[in-house]
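The values are calculated or read from the model by the stated rules, or taken from the named source; none is laboratory data. If you're wondering where the values come from, they're calculated on a predicted model, not measured in any experiment. Backbone-built Cβ (ideal geometry, glycine too); neighbour counts: all protein chains shown.
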Amino acid sequence: MEPFVWNSIDQSPQRFELESFQRLLPEVSAGFTGRVGGISQPPYSSLNLAYHVGDNSLDVLENRKRLMDSLGFEHGSWTCGEQVHGSNVAVVREEHKGKGYLDRDSAFQNTDALVTNVPGILLTSFYADCVPLYFMDPVKRVVGLAHAGWKGTVQAIAEEVVYTMEDAFGSQRSDIYGAIGPSIGDCCYEVDDVVMDKVRAIIGQNSVELDRSFIEKSSQNEGKTMLNLKELNRIIMIKAGILPTHIECTLLCTSCHNDKFFSYRKEGGVTGRMASWIGMKER
């Protein structure tokens, strides 16, 4: 069953919600946006949520407000990092609430993952084919997000999030739940040997039994491989100590479903960005 469930009405921000996390911890809201329901103009139409792509900043801010209104979070709760395809994880405290909401300079710099235990903070990150990773510990009441392109994936950003939840909040790895959201699939994601050398290195370090057919398949182009980044991140989550039964993975490909999602590859690099979000509402 698809874990990311479409939940939107006409003219509102298109949302794909991770309902299983809410069942485990009712105050949690988590999910992924589509490309419809905002005011941005082409080529960012319409629900672009990132400042860095060249869109009008006031339109981006209005799109963010619309999303938060639809989720029931205060506008100033939006908190994000300035993503660099790395593996740094920021621990978000009460005093960090709103970083990155109004401009890029105030965001957590050089940061591709965020974790918090503070209700009322909405963690967010941005995508147009890369893999959104979600984390939740319902026992310690901790949530997290990670942005995993191929570079962040081979730097094991999923492991870094788990270790940070453990160190900062005392999470037990067996209590953590993970989810892998909409991103480009192995049907569309062709990479070269430079990427695959990094991928094979991290697979070689992995103690989990692995069917290689899930990770890589041949391309029609010589020297190219079709890479399943979703599955690779699932394997890394397991290596980090998350139980396989605690991990959900979408089947949605952002490139195949370009009517619903922005896709950097499909649109030649000029497009908007979806957002992943996770946060705990204040009681």
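Structural remarks
- Of residues in the stretch 1-21 being within 24 Å of Met280 (Cα to Cα) and of a type in the set (Asp, Glu), the one surrounded by the most Cβ atoms within 10 Å (Cβ to Cβ): Glu17
- Residue list for the stretch 115-140, filter: touching a His at 6+ places or on another chain (Cβ under 9 Å), among the aliphatic types (A, V, I, L, M) and closer than 11 Å to Thr79 by Cα: Ile121
- Count of the stretch 5-63 residues which are among the acidic types (Asp, Glu) and touching a strand residue (DSSP E or B) at 6+ places or on another chain (Cβ under 8 Å): 3
Quick grid of which residues meet (1) surrounded by 20 or more Cβ atoms within 10 Å (Cβ to Cβ); (2) part of a loop (DSSP other than H, G, I, E, B):
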{"residue": "Met226", "(1), (2)": "no, no"}
{"residue": "Gly241", "(1), (2)": "no, yes"}
{"residue": "Phe261", "(1), (2)": "yes, yes"}
{"residue": "Gly268", "(1), (2)": "no, yes"}
{"residue": "Ala275", "(1), (2)": "yes, no"}
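- When Thr164, Thr153 are checked against the criterion of being touching a residue at least 24 places away in the same chain (Cβ under 8 Å), part of a helix (DSSP H, G or I), in contact with a strand residue (DSSP E or B) (Cβ under 9 Å, 6 or more places away or on another chain) and buried (at least 24 other Cβ atoms within 10 Å of the Cβ), Thr153 stands alone in meeting it.
- Selection from the stretch 1-44 of residues that are among the basic types (Lys, Arg) and either within 22 Å of Asp59 (Cα to Cα) or touching a residue at least 24 places away in the same chain (Cβ under 8 Å) (or both): Arg15, Arg35
- Complete set of residues in the stretch 66-112 that are surrounded by 15 or more Cβ atoms within 10 Å (Cβ to Cβ) and basic (Lys, Arg): Arg66, Lys97, Lys99
- Lone unmet requirement of (1) at pLDDT below 95; (2) over 23 Å from Arg64 (Cβ atoms) for Glu267: (2)
- So Arg35, is it more than 14 Å from Phe126 (Cβ to Cβ), at pLDDT 95 or above and among the basic types (Lys, Arg): no
- Only residues that are out of contact with any Leu (no Cβ under 9 Å at 6 or more places or on another chain), surrounded by 24 or more Cβ atoms within 10 Å (Cβ to Cβ) and more than 15 Å from Met68 (Cα to Cα) were counted across the stretch 22-56, and they come to 1.
- Number of the condition not met by Gly185 [criteria: (1) at pLDDT below 80; (2) part of a loop (DSSP other than H, G, I, E, B)]: (1)
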